[in-house]
Amino acid sequence: MKTIKYLKQRAKQGGLPPRAQGQIANAISGNDGQVAQTGIQQTINQLAEARAREIIAEQQQAQILARNGRTFTKFDAVNDIIDNQTETVTAGLWSGNVASLTTEFTSSVQTTTQRRYYVDVLDGDPAVTGSAIQYSLAFGHALGSGSDSQGQLNDSPSKAVYSQYKQLLLNPTDTRFTTAGSGSTDYIYVINFKRNRLKERLDAGNFELPLRYMSASLDTNATGSNVAVSSSVVYSLIDDSSLADASVGDSGRVYNIVSGSINSGVYNSSAPVYWGLAYPDYGVLVLDGKMLDQQLNFQTNTGSSSEGNNHFRLFHSISGSSDITNAETGDPYGFLARNSEKVTSTHYFVRIKNAEYNFSNNPSYTTGSVGDLAQSTFVGDPKTYITTVGLYNDSQELLAVAKLSKPLLKSFQREALIRVKLDF
């Protein structure tokens with residue numbers, strides 16, 4: 001019995017202890033689970049990839065359909081819109097944006113009272129439709145000389161004109177216009193450009209005023225018959241912006257008016273001849289009356305209570321210049337001037353890809369009850385012509401329309417980039 005019990009307690013020959021068998025069994029079961037789990041994950045990944053491809057294909061197809069029938073495209077605010085672009089734009093100052101004025105007429109609709117203060121100058125016969133006022137001329141005297149107060153104490157037109165431009169253009173502490181030509185001056189001639197022609201300002205460095213020498217003997221009243229130009233002597237006046245920076249006062253920039261031309265610049269730039277002051281921001285030229293008397297024989301009437309209408313002397317001097325040929329250009333002398341303005345723009349870049357906007361909603365594009373293409377050649381190869389770009393807000397309200405200079409062909413083989421410039 002002892003022998004039998006002993007044999008039962010011994011391990012079987014060629015076998016493993018029960019604990020070791022359990023460990024191997026557990027190991028086999030674990031490997032089978034990992035293999036099964038890996039296969040399931042691979043299947044899931046394959047199904048997910050297949051579904052992703054289906055979604056991408058559906059999106060691509062939707063995009064193709066959307067592009068083919070698209071009527072508008074939203075701008076990419078970062079890449080398609082450039083705003084706050086500022087540039088300076090200049091143009092001829094006179095009607096029709098021309099830069100040279102060679103015909104001048106005085107207005108026939110002004111009353112006698114108005115003409116005692118200023119005279120409007122037109123670019124054509126006032127009786128002809130289309131003639132328009134280009135600028136006005138005035139004469140001012142600090143003491144009121146050269147015009148009749150007509151019984152009104154200290155209320156002569158010349159004094160009113162001088163006081164008006166003094167308040168408009170000079171600093172509050174200044175009582176007289178002071179030029180580099182003759183210093184403080186009591187009397188001035190004024191050229192005031194028409195506001196709607198001026199836009200923002202007179203373009204400094206781009207005006208040229210011709211003045212012709214006056215006759216030896218003139219009437220005291222410049223509206224008389226004996227007020228005329230003489231000889232072929234013409235002086236051209238420009239500003240000195242090419243030589244020096246402007247002085248800046250309450251009226252903005254101020255330049256000296258000097259002898260010279262736009263083509264050749266300032267005459268004798270080391271010692272210029274000064275004629276007055278230019279105020280480009282106000283569109284006003286102030287000429288020193290003393291210099292006009294000395295250089296051009298204006299014979300300004302500065303008599304007390306004497307009706308001189310001196311501004312008509314300036315009109316005859318300017319208008320008479322066009323009778324003389326400018327040796328420098330070969331053309332008649334003309335009053336040259338340009339305006340200037342700063343324009344703020346926003347640029348919209350309309351990018352049209354090859355698959356977009358190849359069909360039209362125009363009723364003539366299709367025919368029949370099922371909407372067949374009217375042009376058989378368009379089947380498989382549709383074409384359109386872009387003529388207009390509309391800009392809409394987020395509420396789909398039309399804000400602006402841009403017209404192309406000519407129709408732009410569009411097809412599946414062509415792309416387009418249209419820049420729309422919106423000025424403010």
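The values are calculated or read from the model by the stated rules, or taken from the named source; none is laboratory data. Everything numeric here is computed off the predicted structure, so don't read it as measured data. Neighbour counts run over all protein chains shown; Cβ positions are idealised from the backbone, glycine included.
Summary table
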| quantity | calculated |
| --- | --- |
| In region 236-253, the residues that are assigned to a strand (DSSP E or B) and surrounded by 20 or more Cβ atoms within 10 Å (Cβ to Cβ) | SER236, LEU237, ILE238, ASP239 |
| Pairs where the first residue, in region 198-209, is without any contact (Cβ under 8 Å) to a residue 60 or more places away in the chain and the second is buried (at least 23 other Cβ atoms within 10 Å of the Cβ), C-beta under 7 Å, 6+ apart | GLY205/ASP239 |
| TYR255 vs. criteria closer than 26 Å to PRO332 by Cα and hydroxyl-bearing (Ser, Thr, Tyr) | no |
| Test: ALA402 is among the hydrophobic types (A, V, I, L, M, F, W, C), in a loop (DSSP other than H, G, I, E, B) and either surrounded by 12 or more Cβ atoms within 10 Å (Cβ to Cβ) or at pLDDT 90 or above (or both) | no |
| Where a residue in region 281-293 is among the aromatic types (Phe, Trp, Tyr) and its partner, wherever it lies, is assigned to a helix (DSSP H, G or I) and at pLDDT 95 or above, with Cβ under 8 Å and at least six apart | TYR282/LEU168; TYR282/LEU169 |
| Residue that is surrounded by the fewest Cβ atoms within 10 Å (Cβ to Cβ), among those in region 275-312 that are among the charged types (D, E, K, R) and at pLDDT 95 or above | ASP293 |
| Residue count, region 254-274 (criterion: surrounded by 17 or more Cβ atoms within 10 Å (Cβ to Cβ) and either more than 32 Å from the chain's Cα centre (by Cα) or not assigned by TED's automatic domain parsing to the domain that holds LEU296 (or both)) | 3 |
| Qualifying positions in region 329-357 - in contact with a strand residue (DSSP E or B) (Cβ under 7 Å, 6 or more places away or on another chain), of a type in the set (A, V, I, L, M, F, W, C) and farther than 30 Å from SER319 by Cα | VAL343, PHE349, VAL350, ILE352 |
| Qualifying residue in region 213-227 (condition: under 25 Å from the mean Cα position of the chain (by Cα) and in a strand (DSSP E or B)) | no |
| Residue satisfying condition, being exposed (fewer than 14 other Cβ atoms within 10 Å of the Cβ), under 30 Å from PHE75 (Cα atoms) and free of Cβ contacts under 8 Å to residues at least 40 places away in the same chain, within set SER376, SER395 | SER395 |
| Close pairs from region 234-249: first on the phi > 0 side of the Ramachandran plot, partner surrounded by fewer than 21 Cβ atoms within 10 Å (Cβ to Cβ), Cβ under 9 Å, at least 6 apart | none |
| ARG19, sole failed condition from (1) at pLDDT below 90; (2) over 33 Å from the mean Cα position of the chain (by Cα); (3) not in a helix (DSSP H, G or I) | (3) |
| Any strands (runs of 3 or more DSSP E) falling wholly within region 105-203 and containing at least 2 residues that are in contact with a strand residue (DSSP E or B) (Cβ under 6 Å, 6 or more places away or on another chain) and over 14 Å from PHE312 (Cα atoms) | 133-141, 177-179, 183-185, 187-193 |
| Filtered residues of region 366-399 (kept if within 25 Å of PHE424 (Cα to Cα) and small (Gly, Ala, Ser)) | GLY390, SER395 |
| Boolean, SER230 is in the same structural domain as GLY276 (by TED's automatic domain parsing), surrounded by fewer than 17 Cβ atoms within 10 Å (Cβ to Cβ) and of a type in the set (Gly, Ala, Ser) | yes |
| Selected residue (only one of TYR357, TYR385 is surrounded by 16 or more Cβ atoms within 10 Å (Cβ to Cβ) and either touching a helix residue (DSSP H, G or I) at 6+ places or on another chain (Cβ under 7 Å) or not in a helix (DSSP H, G or I) (or both)) | TYR357 |
| First in region 91-102 and over 15 Å from GLU208 (Cα atoms), second anywhere and surrounded by 18 or more Cβ atoms within 10 Å (Cβ to Cβ), Cβ under 9 Å, 6 or more apart | SER95/LEU101; SER95/ASP123; SER95/GLN134; SER95/ARG197; GLY96/ASP123; ASN97/ASN339 |
